[in-house]
1. Can you name the strands (runs of 3 or more DSSP E) wholly within segment 30-93 that have at least 2 residues being within 16 Å of Tyr385 (Cβ to Cβ) and in contact with a helix residue (DSSP H, G or I) (Cβ under 8 Å, 6 or more places away or on another chain)?
2. Residues to consider are Arg313, Arg259; find the one that is surrounded by 18 or more Cβ atoms within 10 Å (Cβ to Cβ), without any contact (Cβ under 8 Å) to a residue 40 or more places away in the chain, among the basic types (Lys, Arg) and more than 29 Å from Ile372 (Cβ to Cβ).
3. Quick check on this structure: which one of Asp119, Asp126, Asp137 is within 27 Å of Gly67 (Cβ to Cβ) and of a type in the set (Asp, Glu)?
4. Looking at Ala381, Ala369, Ala358, which is the one that is small (Gly, Ala, Ser) and within 26 Å of the chain's Cα centre (by Cα)?
5. In the set Val163, Val213, which member is under 16 Å from Cys255 (Cβ atoms), touching a Lys or Arg at 6+ places or on another chain (Cβ under 6 Å) and open to solvent by less than 50 Å² (accessible area, probe 1.4 Å)?
6. Does Ser104 meet the test of being open to solvent by less than 30 Å² (accessible area, probe 1.4 Å) and in contact with a Pro (Cβ under 6 Å, 6 or more places away or on another chain)?
7. Within segment 351-371, identify whether any single residue is more than 30 Å from Asp109 (Cα to Cα), open to solvent by 50 Å² or more (accessible area, probe 1.4 Å) and outside any strand (DSSP E or B), and answer yes or no.
8. Looking at Gly105, Gly67, which is the one that is over 15 Å from Val155 (Cα atoms) and of a type outside the set (Lys, Arg)?
Amino acid sequence: MGFPKGRQAAAALVAVLLGVGAAAVVGHRVLAPAEVETAARAGYPAAVTPAVGVVGRLPVAPLIVDGRLRVYAADRQVYADQPVDRGYRVTPYWSYRRWPARLSGVVADGTTVVSHWSDGKLVALDARTGRVAWRADAAEPGLLPNPRRTYAATVWEPSGLSVARTPTGRTVLVVAGAGQLGGYDLVDGSRLWRVDQERGCLGAAGTTADGEVLGLAKCAGPETVEFRDAVTGALRTRWRPPGAPDEFVVTPVGCRQGRSGCRGLRISGGDGSGQGWLVGTGVPLAAPGLDGVDTALDGERAVGTSAGVVTGRSARTGAELWHRADLGPVRIIAVEPGRVHLLTERRDLVTLDPATGAERSRFALTIGADGIDWQPGRAYATGGYVAVERSREGAGPDDDDQAYFRMAEPVLLAAT
């Protein structure tokens, strides 16, 4: 015996509504914004002193944090492994995911790891546990980088993220996004100040070793470099290099890491020429020793390469301090306080003391049967560690990843 027609229709309607409701629940679970925090289950690892030489090969670029962890990026994830001298990537020590936002950049200072996302959110993680320390709202990134599959651009050159350490001991996170520049207390994420601009009018944000924020103002007349107080955001100095064109490129140099804690600038015009400047409090000082394109800065010492000779100079005067003509053609791939790292034609990694030119270490930058038929891509150095992307000989910036990289694990990590 069946239901009467009216009851049949009602039952069918209920079934449809239940089905729609179930689909909505599933859709909400799948499509709703979400975050997944997977905290560390083991104790915080001890710092290690690795043997000098190649540590290992990795599929993605590591950010060395506190000398104990390697932090990595993915499209929607920040995660870490340990120990720092493991020869390969292992199961994450901790992991943090967000969806559907995409990761824009990662910066670390001490045991705090801050990620910036495509929706403007800032999420700070405690590196010791992987737990969220704080969240804050910031401007959306001006332009999401193309990090390739190593995500080197995301962790080594994070767009719009830098850290200022002030003379009073305060640490400020500086975030440059679409139409906005802001400062945040790194301890708790509280916003200290905010400057609003038209989209595209303020760029090249970074910080100086003296704790100021630098930026390039682009829209109100000829381009101008601005220096701001990191704690208040107040404009301290507005400066244009003498004789500079209306538009120019600002490249921070001599930085503690990324664009943080920088001691100099290189101003470049459209013809590729450049001028070096030392930055401190007040107006930048001319530094002719920094004018060369292939020149690195450590303190007030400039190290450059030309015609197979490596030369150390006074950045202020350009006067020669030392030179080395025994290395052959070399390329500066990374610099950190007290170390300048060079790569020879034979793919030897040579680390020099910028003050004297003395060799701190030298070894072949290869592992196993990988060989030396590669060219360096992005590189990064901190705490004596050096990480280098290896690309195919002749690869260009417009090549896809398959054509650009010649191996599944293109990043070499070494200790100098």
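The values are calculated or read from the model by the stated rules, or taken from the named source; none is laboratory data. Note that the coordinates shown come from a computational prediction; the quantities given were computed from them, not determined experimentally. With ideal geometry, Cβ positions are generated from the backbone for all residues, glycine too; neighbour counts draw on all protein chains shown. In case anyone asks, the SASA skips ligands and DNA or RNA and just uses the protein heavy atoms, side chains included. Shrake-Rupley method; radii C 1.70, N 1.55, O 1.52, S 1.80 Å.
1. 69-74
2. Details: Arg259 fails: without any contact (Cβ under 8 Å) to a residue 40 or more places away in the chain.
Result of the check over Arg313, Arg259: Arg313.
3. Working: Asp119 fails: within 27 Å of Gly67 (Cβ to Cβ); Asp137 fails: within 27 Å of Gly67 (Cβ to Cβ).
Answer to the check: Asp126.
4. Numbers: Ala369 fails: within 26 Å of the chain's Cα centre (by Cα); Ala358 fails: within 26 Å of the chain's Cα centre (by Cα).
The conditions single out Ala381.
5. On the way: Val163 fails: touching a Lys or Arg at 6+ places or on another chain (Cβ under 6 Å).
Val213 is the lone residue from the list that is under 16 Å from Cys255 (Cβ atoms), touching a Lys or Arg at 6+ places or on another chain (Cβ under 6 Å) and open to solvent by less than 50 Å² (accessible area, probe 1.4 Å).
6. Details: open to solvent by less than 30 Å² (accessible area, probe 1.4 Å): yes; in contact with a Pro (Cβ under 6 Å, 6 or more places away or on another chain): yes.
Yes: the conditions hold for Ser104.
7. Yes: segment 351-371 contains one or more residues that are more than 30 Å from Asp109 (Cα to Cα), open to solvent by 50 Å² or more (accessible area, probe 1.4 Å) and outside any strand (DSSP E or B).
8. Of Gly105, Gly67, the one residue that is over 15 Å from Val155 (Cα atoms) and of a type outside the set (Lys, Arg) is Gly67.
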